[in-house]
Amino acid sequence: MQRVELTEDLSFSRIIHGLWRLSEWNMTNEEVLELIEECLKAGITTFDHADIYGNYTCEKMFGDALALKPELREQMELVTKCGIKLVSDNRPDHRVKSYDTSKEHILASVNQSLTNFQTDYIDVLLIHRPDPYMNPAEVAEAFTQLKNEGKVRHFGVSNFKRSQYKMLQSYLDFPLVTNQIELSAYQLENFEDGTLDLCQEERIAPMAWSPLAGGEIFKSEDEKTIKLRSKLEEIAIEVGAQGIDEVLYAWVLSHPAHIMPIVGSGKMSRIESAIRALNLTLSRDQWFDILQVAMEREIA
Amino acid sequence: MQRVELTEDLSFSRIIHGLWRLSEWNMTNEEVLELIEECLKAGITTFDHADIYGNYTCEKMFGDALALKPELREQMELVTKCGIKLVSDNRPDHRVKSYDTSKEHILASVNQSLTNFQTDYIDVLLIHRPDPYMNPAEVAEAFTQLKNEGKVRHFGVSNFKRSQYKMLQSYLDFPLVTNQIELSAYQLENFEDGTLDLCQEERIAPMAWSPLAGGEIFKSEDEKTIKLRSKLEEIAIEVGAQGIDEVLYAWVLSHPAHIMPIVGSGKMSRIESAIRALNLTLSRDQWFDILQVAMEREIA
Amino acid sequence: MQRVELTEDLSFSRIIHGLWRLSEWNMTNEEVLELIEECLKAGITTFDHADIYGNYTCEKMFGDALALKPELREQMELVTKCGIKLVSDNRPDHRVKSYDTSKEHILASVNQSLTNFQTDYIDVLLIHRPDPYMNPAEVAEAFTQLKNEGKVRHFGVSNFKRSQYKMLQSYLDFPLVTNQIELSAYQLENFEDGTLDLCQEERIAPMAWSPLAGGEIFKSEDEKTIKLRSKLEEIAIEVGAQGIDEVLYAWVLSHPAHIMPIVGSGKMSRIESAIRALNLTLSRDQWFDILQVAMEREIA
């Protein structure tokens, strides 16, 4: 498995496993542990979480599985996020959906994540969404304290646009290490609005959420999707892929920005599609062919 | 009254009085003087003008009042603007509405402002609008000359977006000290397009024009406004505000960017709403509750 | 003829001749040579090409003419571009329209351009379009190699927005020297989206393509165009221009950003309109008058 160096002392596996829907997979702790071990065996060492996943339950489910074999902790990188407050039975004090990047909330959220994971450090903590009510000096204080306490090794963001990224970075004494953004042939916004340019300018490898566009591409019957699916099927045959999911993974993997797709599946068979995509070579022609069908127009 | 430090040698009162409509208030010089004195007594020491306000008449009306008690000059910060040319009976040589940020125009405009105010210095001069025909080197020359002559202490801009701000700043040997922008729960553009992020990145406190959205919120009967008004009324009760104007002021005042709202009223009773808002505490929940009604959608 | 200094050792003529449509002019080598000599005589020393112009034929047509009098090479600045791959009979291996900014493609394209021009150096090479699949480190490698080999003196871009420009520049050890963008009173996008601000911030003089908006302004009968044409005719009379094309040239020439319009005509009579425009003085009022008709609204 390829690895991507984020800092001198931190690298991620090129394919990242995402636990967004862990609570929907109806797995026992033993089954989760098995999934973790299979990922690790396949070279996927980076696991992506957020406090809110599964209505605030996924971190703990993962942690309970990990507790069965705590020595695995050192073989993985744990990524989690904070900053969104959901209205939830599991957080009865939340009255309104909101973002919270106050120092108090960040520190409390990390402490809860550490408890959930039954670990004493997070590898990378991300601010989940740009908070229009952000006090960047407070975020910097929280990050610095967490770093000094050894609770979080490195920090990043998610869904940040250029102005938000540059602003927060300007308050930090250390570089943000990633920006987790939506990237797929189906959802081109971050290609088009300068966010991917920013990642390249800042020398950060982005994590890609929804690299398969949440599955829409397999189901939707609108004209654009039908055309894109047909193009992906055509190219799957050309490159010897077993399915269009592989081609979609290859489309982000082949991009020079070292995009790290997050695979959010509980089935190794699905995860293996992403791993196989590492061995696919899309030509520039094929990449642009897909792009232009996805854009629904020719490039200029 | 809270104060906001803009530079080592300049601070503004957190609430700023705006003289935009002074010419509509039908006040005698004595009445204007009384308003000024009441503001000062309440701690509002910063007064916001522009050459063009009142069709080029407001600066002089203020200056005539100030002349009745010239010792007040030292107790206040005078902000004015230049760069818009209106077609006006008071400027018969203006043939076309235009922006003018030429050195010649900036210098002449400041000299006229000094005459109007009967003072020998402006505390902060703002370029009123980004000029698509700007020669930034000329602006820098004009600013430097005005600073050296002691006619203007500091410089800022108004309604500048990121690219315009970064561009002009790159030509100046000293930092711009503020960006006066439209900010209210009713008009979210500068929250959404990165302009407020820029202010935080540049460590400048923005001045907010139309913090009450020009009064639309009190009158309009469209669906969005009705819902927003209703939400503001609900929160007014929760926080013990006397009216929704206080909540609107509190909404910008509670934001971490040190937003300084401009209150453009000739009535102390209205101005006091803004002052009272300084003592209101909006919770993050309340802030986001208002935001989401104003956006007409949930945050992501 | 005014000249614009791009670097210490490179200047362009303020008016640039564009060879975009050379292949449509049905000229013999001798006629092309005559055109070149007339341009040079008039002070137009900068010639703008791209590998793809005329379906990959224009560079060679120019080079064949230049070969009749090779000593002219030293009297001119040759600009060309690479990075677009057209599907073309002249490039049978191109299967899909795409961008290609790989090192391999850039080097090969420059070698072909040198062959076409029968010269041993390009003055300025531009990346024709921002490539969403760009590996900026590879572009930097290619540029550095071309510079070291003496094949290309300086580098620039075309049609780059802020994020793309800042990103690529961050990988280069030397400054990009220009951004060739669409600029005219008819097409205001780059005035409005911060691209011209970027040029001023970066101290680069932009080259303007389609300064006459591709001729639309002379022909189109839609309401906006009729109004704009009428305004241009009015101002042509005011300033003593022989036609509205002169006013359109003057509109970009009078802007403080040192815009260098590209004149893409094979007829000296047309080229002379641009040269005459250098002597026209548009007032700020006239400039804004045109702008506001073009925007179809008043400035704020």
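The values are calculated or read from the model by the stated rules, or taken from the named source; none is laboratory data. Bear in mind that the values here come from a model prediction, so they are computed numbers and not experimental data. Counting neighbours? That spans all protein chains shown, and the Cβs are built from the backbone with ideal geometry, glycine included. Just the protein is used for accessible areas: all its heavy atoms, side chains included, with ligands, DNA and RNA removed. Shrake-Rupley method; radii C 1.70, N 1.55, O 1.52, S 1.80 Å.
Using only side-chain charges placed at the Cβ, +1 for Lys and Arg and -1 for Asp and Glu, the dipole size of chain C relative to its Cα centre rounds to 280 debye. A simple spin-label model places the labels of A:A137 and C:I299 3.6 nm from each other, with each point 7 Å out along Cα-to-Cβ.
Is there a simple number for the mean count of other chain Cβ atoms within 10 Å of the Cβ of residues in C:85-91, and what is it?
Per residue, the number of nearby Cβ atoms from other chains is 1 on average.
Counting only protein heavy atoms and a probe of 1.4 Å, the accessible surface of the protein assembly as shown is 46% carbon and sulfur. Placing a label point 7 Å from Cα along the Cα-to-Cβ axis, B:D120 is separated from the same position in the other copies by 6.8, 6.8 nm, shortest listed first. Between copies, the label points at A:E31 (set 7 angstrom from Cα along Cα-to-Cβ) are spaced 7.8, 7.8 nm, reported in nanometres from shortest to longest.
How many partner chain Cβ atoms sit within 10 Å of a residue's Cβ in peptide B:195-203, on average, as a whole number? All intermediate terms of the calculation are to be shown ahead of the outcome.
Working: counts 1, 4, 14, 3, 1, 10, 10, 2, 3.
Neighbouring Cβ atoms belonging to other protein chains average 5 per residue here.
Highest mean packing comes first when the peptides A:204-212, B:51-59, A:72-80 are listed by Cβ atoms within 10 Å, giving A:204-212, B:51-59, A:72-80. Electrostatic tally near B:L198: other residues with Cβ closer than 14 Å to its Cβ, Lys and Arg +1, Asp and Glu -1, net 0.
Find how much the distance from B:E221 to B:E189 grows on full extension, using 0.36 nm per residue of separation minus their present alpha carbon separation; answer in nm with one decimal.
In short, 9.4 nm is gained.
For a test of the definition: using alpha carbon positions, the gyration tensor, and the 1.5 limit on a/c, classify the protein assembly as shown as rounded, prolate or oblate. The shape class here is oblate. A label point on B:E233, set 7 Å along the Cα-to-Cβ line, lies at 5.7, 5.7 nm from each of its counterparts in the other copies, closest listed first.
Computed over chain A, the alpha-carbon pair-distance distribution with 10 angstrom bins reads 6, 28, 35, 23, 8, 0, each value a whole percent.
Using a 1.4 Å probe and counting only protein heavy atoms, how much accessible surface gets buried when A and C come together, both sides summed, in Å² to the nearest 100? Mind dumping the intermediate values first?
Working: alone 13720 and 13710 Å², together 25280 Å².
Roughly 2100 Å² of accessible surface disappears when A and C pair.
Mean sequence separation of contacting Cα pairs (under 8 Å, at least six apart), scaled by the length of chain C, corresponds to a relative contact order of 16 percent.
Against the main long axis of the alpha-carbon atoms of chain A, helix A:29-42 sits at an angle near 60°. For C:M260, the residues whose modelled amide H falls within less than 5 Å of its own, excluding neighbours fewer than 5 places apart on the same chain, are C:M207, C:A208.
Annotation for A:E149 and B:S269: the two label points, set 7 Å from Cα along the Cα-Cβ direction, are 5.1 nm apart. Remark: the range B:148-300 carries a charge dipole of roughly 500 debye about the Cα centre, counting +1 on each Lys and Arg Cβ and -1 on each Asp and Glu Cβ.
The share of Cα pairs per 5 Å bin across the range C:14-79, counted from zero up to the longest distance, runs 4, 19, 31, 29, 15, 2 percent.
What's the local net charge at A:D100, with K and R +1, D and E -1, over the other residues with C-beta under 13 Å away? Present the calculation step by step, with values, prior to reporting the outcome.
Working: positive: A:K81, A:K85, A:R91, A:R95, A:K97, A:K103, A:R129, B:R284; negative: A:D51, A:D93, A:E104, A:D131, A:E138, B:D285.
Every neighbour counted, the sum reads +2.
The listed peptides B:241-252, C:32-43, ordered by packing as a protection proxy, come out as B:241-252, C:32-43 (highest mean of other Cβ atoms within 10 Å first).
Label point of A:M1 set 7 angstrom out along Cα-Cβ; within the range A:117-146, amide nitrogens under 16 Å from it belong to A:123-124. Of the residues in the range A:156-170, those shielded by at least 50 Å² of accessible area once partner protein chains are present, compared with the chain alone at a 1.4 Å probe, are A:R162, A:S163, A:M167.
The angle between the Cα long axis of helix B:268-277 and the longest principal axis of the Cα atoms of chain B comes to about 60 degrees, rounded to the nearest 10.
When +1 charges are put on Lys and Arg Cβ atoms and -1 charges on Asp and Glu Cβ atoms, the dipole computed for the protein assembly as shown relative to its Cα centre reaches about 80 debye. Look at the stretch B:173-184: the mean tally of other chain Cβ atoms within 10 Å of its residues' Cβ atoms is 0.
Summarising the rotation from chain B to chain A, the nearest chain B beta-carbon to the axis and its distance in Å are given as B:R162, 5. Across the range A:238-300, Cα pairs under 8 Å and at least six residues apart give a relative contact order of 38 percent. Distance from the C-alpha centroid of the range A:124-189 to that of the range A:7-50: 22 Å, rounded to the whole angstrom. Zone of C:N29 (label point 7 Å along Cα→Cβ, backbone N under 14 Å): which residues in the range C:91-125? What the label zone holds, given the 14 Å backbone N cut-off, is C:116-119.
If you take all other residues with their beta carbon under 12 Å from the beta carbon of B:A142, and give Lys and Arg +1 and Asp and Glu -1, the sum is -2. Residues whose amide H falls under 5 Å from that of C:G18, counting only those 5 or more places apart or on a different chain, are C:D48, C:V263, C:G264, C:S265, with hydrogens built in the peptide plane.
Modelled this way, with points 7 Å down the Cα-to-C-beta line, the labels at A:L172 and C:L40 are 5.6 nm from one another. Antiparallel beta bridges, as assigned by DSSP with both residues in the range C:3-177, represent about 35 percent of the total such bridges.
The Cα-based radius of gyration and maximum Cα-Cα distance (Dmax) for the range B:141-300 are 17.4, 53 Å.
Under 5 Å from the amide H of C:L126 lie the amide H atoms of C:T80, C:K81, C:C82, C:G156, each residue being 5 or more positions distant or on a separate chain, with H modelled from the backbone and absent for Pro and chain starts.
In terms of the Cα gyration tensor, with a ≥ b ≥ c the square roots of its eigenvalues, is the range B:209-273 rounded because a/c is under 1.5, prolate because a/b exceeds b/c, or oblate? Cα axes put the range B:209-273 in the rounded bin. 3J(HN,Hα) along the range C:138-150, derived from phi through the Karplus expression 6.51 cos²θ - 1.76 cosθ + 1.60 where θ = phi - 60°, amounts to 5, 4, 4, 4, 4, 4, 4, 4, 5, 5, 5, 6, x Hz, with x in place of Gly and Pro. Shape of the range A:3-177 from its Cα gyration tensor (a ≥ b ≥ c, root eigenvalues): rounded if a/c is under 1.5, otherwise prolate when a/b > b/c, or oblate? Oblate shape, in that a/c is at least 1.5 and b/c is the bigger or equal ratio.
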